[in-house]
1. For A24, state whether it is loosely packed, with under 15 Cβ neighbours inside 10 Å, assigned to a loop (DSSP other than H, G, I, E, B) and among the small types (G, A, S).
2. With the range 52-93 as the region, which strands (runs of 3 or more DSSP E) entirely inside it contain at least 3 residues that are in contact (Cβ under 8 Å) with a residue 60 or more places away in the chain and closer than 22 Å to G10 by Cβ?
3. Counting just the residues of the range 53-72 that are under 16 Å from Q19 (Cβ atoms) and under 10 Å from the mean Cα position of the chain (by Cα), which one comes out surrounded by the most Cβ atoms within 10 Å (Cβ to Cβ)?
Amino acid sequence: MTKSYVADIGTAIILDCGQDVSSATVRTIEAMKPDGTVVTWTAIASGLNAIRFDTLIGSLDQAGKWKLQAHVTMPTGKWLGETVELLVYAAFK
């Protein structure tokens, strides 16, 4: 599927961090909903350079433009990824 919809379950959200983050001890994705609320999703490694979160019940609960940002803690420090946007559609769009 090429679009994400409200209430989708199992959608893989993968953020490329642009460098090797395989030694990260903490991987999260900060997600700002269209209404400005911020939630934190626990992510897992996806290859050497990316992190991944598979949506759960209630993860995508609003239609509109979401902003996502990787947060990675490595043995040498903490970093943020670039902010990316995810458009989530209401059903039947």
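1. On the way: loosely packed, with under 15 Cβ neighbours inside 10 Å: no; assigned to a loop (DSSP other than H, G, I, E, B): yes; among the small types (G, A, S): yes.
Spelling it out, it is not the case that A24 is loosely packed, with under 15 Cβ neighbours inside 10 Å, assigned to a loop (DSSP other than H, G, I, E, B) and among the small types (G, A, S).
2. On the way: elements: 64-74, 77-80, 84-89.
Filter on the range 52-93 gives 84-89.
3. A70
Bear in mind that the values in this text are calculations on the coordinates, not laboratory data. Model, not experiment: these values are computed from the prediction. Here Cβ is always computed from backbone atoms with ideal geometry, including for glycine, and neighbour counts include all displayed protein chains.
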